[in-house]
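K.L.:
Sharing a structure below in structure tokens format, with a few things to ask.
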Amino acid sequence: MDFGILLPFRNPAQWHAPITKIYDEHIEEAVLAEELGYDHVWTTEHHFYDDAWSPSLLPILAAIAQRTSRIRLGTFIIILPFHHPVRVAEDAATVDILSKGRLDLGLGQGYVVSEFESFRIPRRERAARLEEGSELIRRCFTEENFSSSGKFYPIENVNLTPKPLQKPCPPIWIAAMAEKSVTRAARLGFHLAGSGGTDLQRFYDSALQRFGRDPKDHYIAQLRAVYVAETNEQAWDDAEQHLYYMMSAYDRRLKEAADLPWSQAVFSCPQVPPPGEMR
């Protein structure tokens, strides 16, 4: 098992700081994570958030690559429907070169209603855009002079240069929180960037086997909120306000999207318990 950290580059109003300070401190966290022996540093994408949630991940990883030498650098995740896959492939290859082959490329379909409205992309297209786009990225990494007549991204005579250092390509991860999307990741042969429990992991392994793939060749990444202090009470005192801010934002947007059976009642609660009750 590997351990990593996730850096969102968020700047909430109640803890507001100059944005250059936020970016500098997050990059210093990545450097410290390497010094402490962590295996991965991941970044995460959203758009038009009032807390400045990072919208552009590969430039951030390029900066971290220049300050580190060992730790792997990942996107958890790039919301692929908002990007042209060939441009993602070009930028990802560049980061892989700058990092001497340390990139993990996580991709997802997205879910936030307002983001799709802003980009004027129908949410009903997001799964198809993710599947077509992720396959194009893999082909960019591994093929030469190819064309595609896809529905969303028709291209002709594409030969990505330079190619990434990792062969055949950097590890590609697909985000999934439900059986349908987990099945897609397994069918395409990508690693799973998950946000579920052990049931989802077992379903992924079973799906890989159904498609003739060996689970031992595929990996699962999971997100967990962790805070360490001298006592349990001290940890809650330090972290509860911040955890409430994060989880209430997820709660609101997941319920608005209503994509999953449990999304109308995250944690089986009508709302996230407020600070003082959450613990």
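K.L.:
What's log10 of I(q)/I(0) for segment 17-83 at q = 0.19, 0.28 Å⁻¹, Debye sum over Cα points only, no solvent?
P.N.:
Once normalised to I(0) and log-transformed, intensities are -0.76, -1.30.
K.L.:
Can you tell me, using C-alpha contacts under 8 Å and at least 6 residues apart, the relative contact order of the chain as a whole percent? Could you put the intermediate results ahead of the total?
P.N.:
Details: 421 pairs, mean separation 33.8, N = 279.
This gives 12 percent for the chain.
K.L.:
Which log10 I(q)/I(0) values does segment 135-279 give at q = 0.14 Å⁻¹ under the Debye formula, counting every alpha carbon as one identical point scatterer?
P.N.:
Here log10 of I(q) over I(0) equals -0.89.
K.L.:
Taking all protein chains as present, what is the carbon and sulfur share of the accessible area of segment 1-110, in % to the nearest whole number, probe 1.4 Å?
P.N.:
Numbers: 2690 of 4740 Å².
Result for segment 1-110: 57 percent of the exposed heavy-atom area is carbon or sulfur.
K.L.:
Okay, moving on. Under a 10 Å cutoff between Cα atoms, tell me which one of Leu107, Leu188, Leu208 has the largest fluctuation in the Gaussian network model of the chain.
P.N.:
Of Leu107, Leu188, Leu208, the Gaussian network model singles out Leu188 as fluctuating most.
K.L.:
With Cα Rg over 2.2 N^0.38 Å as the read-out, I listed [x] 1.02; [y] 1.50; [z] 0.97; which label goes with the value calculated from this structure?
P.N.:
The value computed from this structure is option [x].
K.L.:
Could you provide, to the nearest whole Å², the per residue accessible area of the chain with probe 1.4 Å?
P.N.:
Working: 14510 Å² over 279 residues.
Heavy-atom SASA per residue in the chain reads 52 Å².
K.L.:
For the chain, take the longest principal axis of its alpha carbons; what is the angle in degrees between that and the long axis of helix 232-257, to the nearest 10 within 0 to 90?
P.N.:
So the helix axis and the longest Cα principal axis differ by about 50 degrees.
K.L.:
Treating the angle as unsigned and between 0 and 90°, give the value, to the nearest 10°, between the Cα long axis of helix 85-98 and the longest Cα principal axis of the chain.
P.N.:
The angle comes out at about 80 degrees.
K.L.:
Subtract the Cα-Cα distance of Val31 and Ser149 from 0.36 nm times their separation in residues, and report this length gain in nm to one decimal.
P.N.:
Working: separation 118, 0.36 × 118 = 42.48 nm, distance 4.25 nm.
Additional length available on full extension: 38.2 nm.
K.L.:
To the nearest 10 degrees, how steep is helix 19-35 against the longest Cα principal axis of the chain, on a 0 to 90 scale?
P.N.:
80 degrees
K.L.:
For every helix of n ≥ 4 consecutive DSSP H residues, a contribution of -39,500 (n - 2.57) applies; sum these over the chain, divide by its total residues, and give [θ] at 222 nm rounded to the nearest 500 deg cm²/dmol. Can you show the working numbers first?
P.N.:
Working: 8 runs with 113 residues, N = 279.
Theoretical 222 nm ellipticity from helices: -13000 deg cm²/dmol.
K.L.:
When the accessible area of segment 151-242 is computed with all protein chains present and a 1.4 Å probe, what percentage of it is carbon and sulfur? Before the final figure, lay out the partial values.
P.N.:
Numbers: 2740 of 5510 Å².
It is 50 percent, rounded to a whole number.
K.L.:
Provide the gained length on full extension for the span Arg202 to Lys216, in nm with one decimal, where the gain is 0.36 nm per separating residue minus the Cα-Cα distance. Could the numbers behind the result be given before it?
P.N.:
Numbers: separation 14, 0.36 × 14 = 5.04 nm, distance 1.26 nm.
So the extension gain works out to 3.8 nm.
The values are calculated or read from the model by the stated rules, or taken from the named source; none is laboratory data. Note that the coordinates shown come from a computational prediction; the quantities given were computed from them, not determined experimentally. Keep in mind that these areas ignore ligands, DNA and RNA; they rest on the heavy atoms of the full protein, side chains included. Shrake-Rupley method; radii C 1.70, N 1.55, O 1.52, S 1.80 Å.
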